[in-house]
Amino acid sequence: MTKTQLTKAGKKEHASESAGKEQSGAVGRGSPSHRDPVLPVPGSMAPDFVLEDESGAERRLSEFLGNPVVLYFYPADDTPGCTKEACNFRDDYSTYANAGAVVLGISPDSAKSHATFKSKYGLPFTLLADPGHVVCSRYAVWGEKQFMGRTFDGVLRTTFLIDRTGRITRVFEKVRPAQHSAEILAELAALT
C-alpha cells in the first residue's frame with residue numbers, strides 16, 4: 001500500500017497509531033508475544049490514574065467519585081470514527097448531564113491536539129491525553145489492530161461505565177461509533 005492510497009483521515013489515524021507503536025513496548029489484548037494486561041471487569045474498581053486534559057491541567061479519575069463516569073478510549077482525534085463517536089456523545093450530552101454523569105475521552109493524542117479537536121466540534125466533555133499509552137495499557141485497551149491491510153499496535157475502541165463508587169458496571173468492547181452513545185445511555189439509565 002502506498003501513501004497515496006491512504007485517505008487524509010486514514011493517513012492521520014494510521015500515523016498516530018503507528019507512532020504510538022514505536023514509542024512503547026506495552027502490548028494489550030490479542031498480542032501473542034507478550035503477557036497481556038488484564039481487562040478490568042464489571043464489579044472491579046476502576047484503576048485510578050492522572051492524565052492531562054485538553055487545557056494541560058492534571059485530572060484524576062478519583063476526582064469524579066460520586067458521579068457515574070463514561071470512560072471511553074478512542075484511537076485518534078479528528079478521524080472519521082472517532083469524530084462520529086465524540087459528536088454523538090456531544091449531541092446526547094444534556095442527557096448525560098441530567099443523569100449527573102461525567103464523560104471522559106482518552107486517546108494517545110497530545111493535550112494540544114485534544115484542545116483543537118474539542119474546539120472544532122464543540123465537545124462539552126473532558127478529553128485526556130495518554131501519549132505514552134500508560135493508562136490505555138493499564139485498562140488493556142492498547143493492542144494489536146489492523147487498518148487498511150496493515151497490522152500495528154493501537155487503541156482498541158472500548159468504553160467503561162463506572163458507577164458513583166468507582167466500580168466498573170459494564171465494559172463495551174469493539175464499539176460501533178454511530179450507535180455507541182445510545183447504547184451507553186440505556187445502561188446509564190439503570191445506574192441512576
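The values are calculated or read from the model by the stated rules, or taken from the named source; none is laboratory data. Here the structure is a predicted model, which means the values were calculated and not measured. Cβ placement follows ideal geometry from the backbone for every residue including glycine, while neighbour counts extend to all protein chains displayed.
Could you list, ordered by first residue, the pairs with Cβ atoms under 8 Å in which the first is in segment 59-71 and assigned to a strand (DSSP E or B) and the second is of a type in the set (S, T, N, Q), at least 6 apart or interchain?
That search, which allows pairs on different chains as well, returns ARG59/THR126; VAL70/THR159; LEU71/THR159.
Yes or no: SER181 out of contact with any Pro (no Cβ under 7 Å at 6 or more places or on another chain) and farther than 19 Å from THR79 by Cα? Break it down stepwise before answering.
Details: out of contact with any Pro (no Cβ under 7 Å at 6 or more places or on another chain): yes; farther than 19 Å from THR79 by Cα: no.
So SER181 does not fit the description; no.
Step by step: first the residues of segment 121-162, then only those that are aromatic (Phe, Trp, Tyr) and touching a Phe, Trp or Tyr at 6+ places or on another chain (Cβ under 8 Å), then the one that is nearest to PRO68 (Cα to Cα). Which residue is that? Write out each step before concluding.
At the first step, the residues of segment 121-162 found to be aromatic (Phe, Trp, Tyr) are 121, 125, 139, 142, 147, 152, 160.
Those still in the list that are touching a Phe, Trp or Tyr at 6+ places or on another chain (Cβ under 8 Å) too: 125, 139, 160.
Working: PHE125: 14, TYR139: 18, PHE160: 10 Å.
So, considering only residues that are aromatic (Phe, Trp, Tyr) and touching a Phe, Trp or Tyr at 6+ places or on another chain (Cβ under 8 Å), the one nearest to PRO68 (Cα to Cα) is PHE160.
Of the residues that sit in segment 175-184 and are among the aliphatic types (A, V, I, L, M) and at pLDDT below 95, which one is farthest from PRO40 (Cα to Cα)? Can you show your working first?
Our first condition is that a residue be among the aliphatic types (A, V, I, L, M); within segment 175-184, this holds for 175, 178, 182, 184.
Filter again for at pLDDT below 95, leaving 175, 178, 182.
Numbers: VAL175: 16, ALA178: 24, ALA182: 22 Å.
The selected residue is ALA178.
When the residues of segment 114-134 are filtered to those that are touching a strand residue (DSSP E or B) at 6+ places or on another chain (Cβ under 6 Å) and not basic (Lys, Arg), which remaining residue is farthest from VAL41 (Cα to Cα)? Please lay out each step first, then the result.
Residues of segment 114-134 that are touching a strand residue (DSSP E or B) at 6+ places or on another chain (Cβ under 6 Å), as a first pass: 114, 118, 125-130, 133.
Cutting the leftovers down to not basic (Lys, Arg) gives us 114, 125-130, 133.
Details: HIS114: 28, PHE125: 24, THR126: 24, LEU127: 23, LEU128: 22, ALA129: 23, ASP130: 21, HIS133: 20 Å.
Residue satisfying both the conditions and the ranking: HIS114.
More than 23 Å from VAL41 (Cβ to Cβ), surrounded by fewer than 20 Cβ atoms within 10 Å (Cβ to Cβ) and touching a Ser or Thr at 6+ places or on another chain (Cβ under 9 Å) - does that describe any residue in segment 153-174? It would help to see each step written out before you state the result.
Restricting attention to segment 153-174, the residues satisfying the condition of being more than 23 Å from VAL41 (Cβ to Cβ) are none.
No, the conditions are met nowhere in segment 153-174.
For GLY143, state whether it is in contact with a Gly (Cβ under 7 Å, 6 or more places away or on another chain) and not in a loop (DSSP other than H, G, I, E, B).
Numbers: in contact with a Gly (Cβ under 7 Å, 6 or more places away or on another chain): yes; not in a loop (DSSP other than H, G, I, E, B): yes.
The answer is yes for GLY143.
Yes or no: segment 103-119 includes at least one residue that is assigned to a strand (DSSP E or B), of a type outside the set (Ser, Thr, Tyr) and farther than 21 Å from LEU191 by Cβ. Full working, then the answer.
Step one: list which residues in segment 103-119 are assigned to a strand (DSSP E or B), which gives 103-107.
Still in the running and of a type outside the set (Ser, Thr, Tyr): 103-106.
Remaining after also requiring farther than 21 Å from LEU191 by Cβ: none.
The answer is no, given that none of the residues of segment 103-119 is assigned to a strand (DSSP E or B), of a type outside the set (Ser, Thr, Tyr) and farther than 21 Å from LEU191 by Cβ.
Inside segment 175-192, can you point out the residues that are of a type in the set (A, V, I, L, M) and surrounded by 15 or more Cβ atoms within 10 Å (Cβ to Cβ)? Write out each step before concluding.
Applying the first criterion (of a type in the set (A, V, I, L, M)) to segment 175-192 yields 175, 178, 182, 184-186, 188-191.
Selection gives VAL175, ILE184, LEU185, LEU188, LEU191.
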